[in-house]
Amino acid sequence: ASRILNSLAIRVAFVYRDADGCDILEFHERSSSNSTYKNAWDVAAAGYIDPLRHRDPENPAKISAWQAAASELAEELSIPRASLPYRDHYKFFGIGRNYPTGQIDILGYCQSDTPIDPARTVSPRVQRYGRCLATPEHVAHFITEGQYWVPTALVTLVFVLQDLGFSRDRINSCFSRIEGLKLFP
C-alpha cells in the first residue's frame, strides 16, 4: 500500500483487429475476489499505478501510464507481455472519477493489430471475457447484457468510439437507448 499513488489507477480498453479486418473491443467481468467492483463488467484492464513497477523504460525516473496499462492488460487479459504493442499504440484521454469509491482513473486504450486468443486461460482476477465489434451499436448492445458496470469503463468506451471515428451523435443515440443500466451493485 505504501507504493500506491493515492488511489490513482489506470483503466484501459483494448481494441484489436480480427482476421476480417474489423476492430473488436475486449471486456472482462471482474471476479468476486476483487475488492472494488466485484462482479462488474469493465473494459479490458484496470489497476493501481505502482511507481516501482510502472517506470518508463526510456526514462526510469518517470512513471509511465503506458507501462501501467500494458502491465494490467497482460495480467487481466492473460496476454503475454511480449505480445503487447509498444507505447505508440496507447492513447490516453484524461482522468475520470468513480463516484462510489472516489478512485481516480487515467482513461485510455491500446490498439493492436494482433487478435487475442479466445481460448486463453482466464486470469484469476477475472470471471470471464467478452468482446464485440467496436461500433456504437454493438457496444451499447454488449453493455445491456452485463448486470453491473464500472462507471469509468463506460466513459472510456465513449472516448474510444469517438477516437475510432464515430460521431458523438451516433454514440449518444445508441447509448441513450440503454435502459436500467446499473453502475454499481
* **Yes/no for ALA44 being under 13 Å from the mean Cα position of the chain (by Cα), without any contact (Cβ under 8 Å) to a residue 24 or more places away in the chain and closer than 20 Å to ILE106 by Cα** => no
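For (1) part of a strand (DSSP E or B); (2) under 29 Å from PRO136 (Cβ atoms), each residue gets a yes or a no:
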position: PHE14; (1), (2): yes, yes
position: GLY21; (1), (2): no, yes
position: ILE24; (1), (2): yes, yes
position: GLN67; (1), (2): no, no
position: GLU76; (1), (2): no, yes
Checked against (1) at positive phi; (2) under 14 Å from the mean Cα position of the chain (by Cα), LEU25 satisfies every condition except (1)
Filter region 57-77 for residues that are under 24 Å from VAL160 (Cα atoms) and not aliphatic (A, V, I, L, M); the one that is surrounded by the fewest Cβ atoms within 10 Å (Cβ to Cβ) is GLU75
Per the filter on region 40-55, residues open to solvent by 30 Å² or more (accessible area, probe 1.4 Å), more than 17 Å from THR152 (Cβ to Cβ) and not charged (D, E, K, R) are LEU52
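Looking at LEU157, LEU107 in this structure, which one is open to solvent by less than 20 Å² (accessible area, probe 1.4 Å) and in contact with a Lys or Arg (Cβ under 6 Å, 6 or more places away or on another chain)?
Working: LEU157 fails: in contact with a Lys or Arg (Cβ under 6 Å, 6 or more places away or on another chain).
It is LEU107.
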Given the conditions (1) open to solvent by 20 Å² or more (accessible area, probe 1.4 Å); (2) touching an Asp or Glu at 6+ places or on another chain (Cβ under 7 Å), every one holds for GLY96 apart from (1)
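Report yes if some residue within region 30-47 is assigned to a loop (DSSP other than H, G, I, E, B) and either under 17 Å from HIS89 (Cα atoms) or in contact with a Gly (Cβ under 7 Å, 6 or more places away or on another chain) (or both); otherwise report no.
yes
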Of the residues in region 162-185, those that are modelled with pLDDT of 95 or more and either surrounded by fewer than 13 Cβ atoms within 10 Å (Cβ to Cβ) or within 13 Å of the chain's Cα centre (by Cα) (or both) come to GLY165, SER167
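Could you list all residues from region 110-152 that are of a type in the set (Ser, Thr, Tyr) and either in contact (Cβ under 8 Å) with a residue 40 or more places away in the chain or crowded, with 17+ Cβ neighbours inside 10 Å (or both)?
Selection gives SER112, THR114, THR121, SER123, TYR129, THR135, TYR148, THR152.
The values are calculated or read from the model by the stated rules, or taken from the named source; none is laboratory data. Everything numeric in this text was worked out from a predicted model, so none of it was measured. Glycine also receives a Cβ, built like all others from the backbone with ideal geometry; neighbour counts cover every protein chain displayed. The area values use the complete protein model at the heavy-atom level, side chains included, leaving out ligands, DNA and RNA. Shrake-Rupley method; radii C 1.70, N 1.55, O 1.52, S 1.80 Å.
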